[in-house]
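Here the structure comes first, spelled out in structure tokens, and everything after it is commentary.
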Ligand SMILES: Cc1cc2nc3c(=O)[nH]c(=O)nc-3n(C[C@H](O)[C@H](O)[C@H](O)COP(=O)(O)OP(=O)(O)OC[C@H]3O[C@@H](n4cnc5c(N)ncnc54)[C@H](O)[C@@H]3O)c2cc1C
């Protein structure tokens, strides 16, 4: 692969390796002067690039080992959530949450603090109970939650070494039913934002900022009649929103077939928590993305601030998604010690046209202390990241400890992780 999934980054790495065993991978790491893992390449910036080698873990054995007694699964780091989910479900277990797509690798998603939605759901890296890592000199180390370095190492941006396996917490398998509502006026959110976000296991709001309304509202409820978070209404208008009469795609103009089953039909967690099905291109395919995560208490004033930039955003926007994520304790997590609201933007694939609007969004959100998503397009300078990610200095100490000579550094870390 010479570019990322979105095609906006052409990788400069002069060498690409795909070892077939952990022993070969260790040899690749030991020999390389500079190295980075390239997983499924879904980051929208040059995070996965390297001035030396890029290495793929896709050739390693696809281990998914469930430990039922411990309620944990050990997975090969290069597997995608789609590859893990079916095997985990067949063993009777589930991950608590998933992102909008199952195509991304487990390690790549966790490395950047990737998240789904739900006020009680933490981001995906919070499920990590332990990790195996090859450090710069080829040593294999294990980290678990008891290790003082663990909260610093869970969201690592690829800067600490090569993660070979992750141990994830799992829960008993569960079913979800998904319903889409349309046309909720934005003003309803002034008084009901928190209530609507808490009205199902996972809720996503979508708007195109063309008119002051949510184009769609996706409710993913536990398909359990005793679940208190299940929406109390199904076929009826709800908070001035009307139930979609047929399946929808959140991206305007794209077919609903690409999306997971809706209309309240219950189904397994891995077939409902993501919006997009693994066998189709997720989202628009032809796009850029940015995302900012801020304290959940700022959701309504942030919505108003964004609304004031609605016309400028709408010109280069495919869709905006608003989600909630629970706080965690991971140093580089965008949800570090704060219950979070996330404002996500799927832009048209035109970097020159999009960047000024990204900067505008950052200005509008600035009073609300936004943390940019590490894996998406942002213009926040290093100083701004240090101000928002308060444990960044501790993380840099950790990176120097594991990688004193800078084998895993690249242009991205030079720009932002100084
Ligand atoms: C269509 C689409 C939808 C998305 N939806 C969401 C969403 O719902 N929520 C959200 O939060 N994000 C979302 N993202 C962003 C995405 O989750 C992140 O960019 C994520 O990092 C992609 O994972 P990847 O496996 O493709 O990683 P890559 O892009 O391949 O790598 C990302 C980083 O992780 C490092 N890395 C990967 N594997 C390893 C490893 N084994 N050891 C060490 N370092 C490693 C790489 O070196 C790089 O630094 C979306 C992206 C796309 C394209």
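The values are calculated or read from the model by the stated rules, or taken from the named source; none is laboratory data. Just so it is clear, the model here is predicted, and its values are computed rather than measured. Neighbour counts run over all protein chains shown; Cβ positions are idealised from the backbone, glycine included.
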Total residues in region 171-217, condition assigned to a loop (DSSP other than H, G, I, E, B) and surrounded by fewer than 22 Cβ atoms within 10 Å (Cβ to Cβ)
11
Against the condition away from the ligand (no atom under 16 Å from the Cβ) and within 18 Å of residue 196 (Cβ to Cβ), how does residue 241 come out, does it pass?
yes
Being in contact with a strand residue (DSSP E or B) (Cβ under 6 Å, 6 or more places away or on another chain), over 21 Å from residue 123 (Cβ atoms) and either modelled with pLDDT under 95 or surrounded by 17 or more Cβ atoms within 10 Å (Cβ to Cβ) (or both), is that true of even one residue in region 355-374?
yes
Testing residue 148 on (1) surrounded by fewer than 20 Cβ atoms within 10 Å (Cβ to Cβ); (2) closer than 25 Å to residue 327 by Cβ; (3) in contact with a strand residue (DSSP E or B) (Cβ under 9 Å, 6 or more places away or on another chain), one condition comes back false. Which one is that?
(3)
Just to check your reading of the model, which residue among 160, 184, 189 is under 20 Å from the mean Cα position of the chain (by Cα), modelled with pLDDT of 95 or more and over 21 Å from residue 96 (Cα atoms)?
160
Residue count, region 87-111 (criterion: within 14 Å of the ligand (Cβ to nearest atom), assigned to a strand (DSSP E or B) and either surrounded by fewer than 24 Cβ atoms within 10 Å (Cβ to Cβ) or within 9 Å of the chain's Cα centre (by Cα) (or both))
0
From (1) without any contact (Cβ under 8 Å) to a residue 60 or more places away in the chain; (2) in contact with a helix residue (DSSP H, G or I) (Cβ under 7 Å, 6 or more places away or on another chain); (3) more than 26 Å from residue 286 (Cβ to Cβ), pick out the condition that doesn't hold for residue 94.
(1)
Against the condition in a helix (DSSP H, G or I), in contact with a helix residue (DSSP H, G or I) (Cβ under 7 Å, 6 or more places away or on another chain) and either under 22 Å from residue 143 (Cβ atoms) or touching a residue at least 12 places away in the same chain (Cβ under 8 Å) (or both), how does residue 395 come out, does it pass?
yes
Check whether at least one residue in region 332-340 is assigned to a helix (DSSP H, G or I), without any contact (Cβ under 8 Å) to a residue 12 or more places away in the chain and away from the ligand (no atom under 16 Å from the Cβ), and report yes or no.
no
Which number in (1) more than 14 Å from the ligand (Cβ to nearest atom); (2) touching a residue at least 60 places away in the same chain (Cβ under 8 Å); (3) within 17 Å of residue 283 (Cα to Cα) marks the one condition that residue 329 misses?
(3)
I'd like the full set of residues that are part of a strand (DSSP E or B), more than 8 Å from the ligand (Cβ to nearest atom) and within 22 Å of the chain's Cα centre (by Cα), limited to region 55-83.
55, 64, 72, 73, 74, 75, 76
Going residue by residue through region 375-395, is there one that turns out to be at positive phi and surrounded by 15 or more Cβ atoms within 10 Å (Cβ to Cβ)?
no
Here's a check for you: in region 112-132, which residue that is touching a residue at least 60 places away in the same chain (Cβ under 8 Å) and not in a loop (DSSP other than H, G, I, E, B) is surrounded by the most Cβ atoms within 10 Å (Cβ to Cβ)?
125
Test result for residue 51, in a loop (DSSP other than H, G, I, E, B), touching a strand residue (DSSP E or B) at 6+ places or on another chain (Cβ under 7 Å) and away from the ligand (no atom under 12 Å from the Cβ):
no
Report every pair of residues separated by at least 6 positions or lying on different chains whose Cβ atoms are under 9 Å apart, first residue within region 142-162 and at positive phi, second away from the ligand (no atom under 14 Å from the Cβ).
161/139
